[in-house]
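In what follows, a structure is listed as C-alpha cells, so that the remarks can point back to it.
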Amino acid sequence: MNARLELSSESVVESAAGLLEELRAEPPLVHCITNSVVTGFTANVLLALGASPAMVDITGEAGMFAAISSGLLVNLGTPTPEQRSASLEAVGGARTAGTPWVLDPVAVGALPVRTALAQDLLALRPTVIRGNASEILALAGVSQGGRGVDALDSTEAAADAARDLARRTGGAVAVSGPADLLVDTDCELRLANGDALLTRVTGGGCALGAVMAAFLGTARRTGASPLLAASAATLVYTLAAEDAAARAAGPGSFAVGLLDALSAVEPGQIAARARVETGVAA
Amino acid sequence: MNARLELSSESVVESAAGLLEELRAEPPLVHCITNSVVTGFTANVLLALGASPAMVDITGEAGMFAAISSGLLVNLGTPTPEQRSASLEAVGGARTAGTPWVLDPVAVGALPVRTALAQDLLALRPTVIRGNASEILALAGVSQGGRGVDALDSTEAAADAARDLARRTGGAVAVSGPADLLVDTDCELRLANGDALLTRVTGGGCALGAVMAAFLGTARRTGASPLLAASAATLVYTLAAEDAAARAAGPGSFAVGLLDALSAVEPGQIAARARVETGVAA
Amino acid sequence: MNARLELSSESVVESAAGLLEELRAEPPLVHCITNSVVTGFTANVLLALGASPAMVDITGEAGMFAAISSGLLVNLGTPTPEQRSASLEAVGGARTAGTPWVLDPVAVGALPVRTALAQDLLALRPTVIRGNASEILALAGVSQGGRGVDALDSTEAAADAARDLARRTGGAVAVSGPADLLVDTDCELRLANGDALLTRVTGGGCALGAVMAAFLGTARRTGASPLLAASAATLVYTLAAEDAAARAAGPGSFAVGLLDALSAVEPGQIAARARVETGVAA
C-alpha cells in the first residue's frame, strides 16, 4: 500500500476516456441510497451519462440489491431511520459481493445522527469518500464541519485529512472544490475543470458521488483503480458542466444543460480539455 | 367479461380525444403514492396535462383521500414501511368509494419486500396495471423480474403474462416498451408512438402511470373502459414525447419539453398522429 | 401590537430592495422541512435566489439545526411520522434561539393528521403563515379546507381568517392567490405581481414559503418586520415569475426560467414593477 507510484496526467486522461467508453458499452447498475432533495436529479445524471440508476433504500432489499449492483452510493443528506438501517445493510451486501461503494458524508460534523453513522460507515472502508473540504475535515475528526452543506474550508486545507482518510480506508478520497483534490495511498491528483454554477444547483456535488459509483462499477470490470475511476467521473462531470455553463442563462438552464451535456461528452474530448496535475502521495 | 368485442383504431383515437377534452374541462384529482425519485416530475406531468396531483402517502390520511380522489396511483419504486401501510389503506379507501386505481409494480421480482406487497395489491384487483415487460412477467409469476427498473424482456414476451393478469383482475394491463401493449379480457391494442428518450429520463414510465390514473378518473365520469382510459393516457403522453424529442438537445431539455408539450397536446391532433393496432384478446 | 401604522407602497418596495441586497451579500442558511414532492425545486429556488438551503428533517438533528439557521420552513405537504416529530423539534429549537419560522399548512382541513399537527404548530406562533385561501380558512377553523392542494376559495374570502391568525400568532399571514394578501396586526398589503403558470408547476407555492424563510433570516439581521420580509419574498418571487413567463413555452420551460430569473432579479428593478396596495389592518 505504501509504494509511491507516480501517475502521469496522460495516463489519467487516457484511463478516463477508456472508462467512459466502457461505461457506455455496458451500462453499470448504480445502487443509490441518497437524500430526498436530489434523488431525481441524481437519477437523471446517471441516465444522461449512460448508466442505469436504481434507488433501493429500504431494509430487506438494500443488502441483496447492493450485491448484484455494479456500484453503490451511500449519501447521508437526509438519513431517515429506515435509510440509516438500509445503508448499513447495503454496505454489508456490497462488501460480501465485492461491490465498490462511495460514501458521501453530507454535512457531517455538527449534526450528530449522521456523524455517528458516517463513523460507522468509515470503519467499513468505503472504496471512495467524496465530500467538500468541511465534510472531509469533519469526517477525519479534525474539525466540527461546516454549516449545512456549504464548505467553509479550502480544498487544500483538507488535504491532510483526505490523506489520513485514504490511509485508514485503503481507498480513494475526493475533495470537491474550485479545483478537486483526489488522493489515495499512492498518488494525488488535482482536477481543475468545472464551473461555479455547480454550486448553484442542488445535488451538484451529490450527483458527482453517484457518477463515481458508476465509474467504480466499470473500473471493477476493467481493473482500473478507485482513484482513476473517481478521476474519470470528475473529469466527465466537470467537462459537461463547462459545456452547460457556456450555454446557460442561469442555474435553471444550467442544470438542464448539464444533463444534455453529460449525454454528449465523448471519450475523445477529454484529453484536450482536461486540466490535471499529478503527484505522489504526501 | 368474456365477450370478444373488437375495438377499432378509430374508436380508440376518438375516445382518447374525447377523454382529453373532458379531462381539461374538469381536472381530475389524482392521488399519487409514488417513489421518492419521481414525485416532483410526476406532479409536474399531471399539472402540465391539466390534472390536479396530490401526494398523500401517510397512514391516517391515505384511505380517506383515495375515497374523494378521481383516481389513485400506487407505485412501488421506493416503498418505505409507512408507504406500504398507506398504500394498502389507500386501496381500501379506493375500493370502498369506487375510485379507479393503477398499480405500477416497479422492480418486482428479485426484491422481496415490494414483491410481497405487489402480490397483496394484485389480489385487490387494480383497475390498471402498468409496468415494463420484466415487471409484468414477474408480477404474473412467470419470471424473476429484471435488474432494478430496466426491462430485460420484450413487450411481446410479456403478452401472455399481461393477458393472465387481466383475467385475474378483470382490469386492463399495459406493458410499456418501444411499442406499448394494452390488454383487457376483451381486447388488445398496440400503440407505437413515443421516443427512446423516455427511457433516458427518470420517471418516464412512472409518470405515465399517474397519467393513466388521471384518465381513469375522467373515464369513470364518462363511462369509458379502463382500457380506453389507459390508451388515451398512453397516446397523449407518447405524442407529447414525440413533440419534445423533436426539439430536444438531450435528455435534460427533453424532460422540460415533455412538460411543455403535454400542456399543448390538443384532442384534435390525436387521430392524425396515433399509431394504433387493435385486435381481440388472445 | 394594536397600533395602526400605515405602511406606504414606497416603503414596502424600498424595504424589499434593501432586503434582497442584504440577502445576496450575506446568504441566509435556510432550514427546510418540506414535502417530498418539492424538495429539489425548493432547494434550487433558494440557491437561485442567493440563499443557502439545508433539509434537516430527522429527530436528533432538526432542533439543533434550527437553532443555528437563519430561518426555518415547516411545510406539511407529506408529513411522515419522522417529519412530524422533527418539525416539532425544529420549532422548539427555533423558538429557543429566536430563529424566525414559516408554517405552510398544505392541504389542512380535511386531512386529519396534518390538521392536528398544524394546530399544534399554530399554538407555537409561527413568524409567518403562508397558504392558499382554502388552507388559511381551514387553519383558522372557518372551513374544512379544499381538496388536496387546490384553493377553492378566493383570497379575499380568507381575509378575515388571515387577520384572525395574525392576531393569534402576533406574526404575519400571507394568502397566496392571483393577488397575494399579506397581513399582520397592524397593516395589510395586496401584491398583484406573478403569473398563472406558478399554479402549473409543483412547488410554485411551497417554494415561496422557503423564500419567505430566507428573507425572514435577513430581516432578523436588519430589523425589518416579518410582514416586510414576507412582502419582499413575494415581490422578488413573483417578479421572477413574470420574467420567466414572458420567455416560457409552457410549464416545463417556465420552471427552468423561474430559477434563471430568480438569480437575475436585481434590487433596482423592484420599485418600477411592483404592484402594491397598502392599508391598515381591518
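The values are calculated or read from the model by the stated rules, or taken from the named source; none is laboratory data. On a predicted model such as this, the values are computed, not experimentally measured, just so you know. So basically every Cβ, Gly included, is an ideal-geometry build from the backbone, and we count neighbours across all protein chains shown. Side chains are part of the model used for accessible areas, which takes the heavy atoms of the whole protein and leaves out ligands, DNA and RNA. Shrake-Rupley method; radii C 1.70, N 1.55, O 1.52, S 1.80 Å.
Quick notes
- Using a 7 Å projection from Cα along Cα-to-Cβ, the label point at residue A:97 is separated from the same position in the remaining copies by 4.0, 4.0 nm, smallest value first.
- Across the stretch A:1-125, the relative contact order, built from alpha-carbon pairs under 8 Å that are at least six residues apart, equals 23 percent.
- Within the protein assembly as shown, the percentage of alpha carbon pairs spaced more than 36 angstrom apart rounds to 44%.
- 10 Å beta-carbon shell around residue B:261, net charge (K/R +1, D/E -1): -2
- Annotation for residue C:170, label-to-label distances across the other copies: 6.0, 6.0 nm (shortest first, one decimal, point 7 Å from Cα along Cα→Cβ).
- Residue B:263 exposes around 40 Å² of accessible area when a 1.4 Å probe is run over every protein chain in place.
- With N as its number of residues, the stretch C:69-154 has a Cα radius of gyration that, divided by 2.2 N^0.38 Å, comes to 1.04.
- Label-to-label distances for residue B:112 across copies, nearest first, come out at 3.5, 3.5 nm, using points 7 Å from Cα in the beta-carbon direction.
- Apolar share of the accessible surface for the stretch C:9-280: 53 percent from carbon plus sulfur atoms, 1.4 Å probe.
- Here the label points at residue A:95 and residue A:21, each 7 Å from Cα along the C-beta direction, are separated by 3.7 nm in the simple model.
- Each of residue C:142 and residue A:196 was given a label point 7 Å from its Cα along the Cα-to-Cβ line. The distance between the two points is 4.7 nm.
- Percentage relative contact order, the stretch C:9-280, counting C-alpha pairs under 8 Å, at least six apart: 22 percent
- Relative contact order for the stretch A:93-174: 31 percent, from Cα pairs under 8 Å spaced at least 6 residues apart, divided by residue count.
- Distance cut-off 19 Å, percentage of C-alpha pairs in the stretch B:148-271 lying past it: 49 percent
- For chain B, the mean projected area of the C-alpha convex hull, equal to one quarter of the hull surface, is 12.4 nm².
- Summing charges over neighbours of residue A:34, with a neighbour being any other residue whose Cβ is under 14 Å away from its Cβ, gives 0 when K and R count +1 and D and E count -1.
- Between C:124, C:198, C:46, the GNM of chain C built on Cα springs shorter than 10 angstrom shows C:124 fluctuating the most.
- Neighbour-limited loop hits for trypsin sites (Lys or Arg not before Pro), the stretch C:1-95 (at most 16 other Cβ within 10 Å; DSSP other than H, G, I, E, B): C:4
- Euclidean distance between Cα centres, the stretch B:188-212 to the stretch C:196-235, Å: 36 Å
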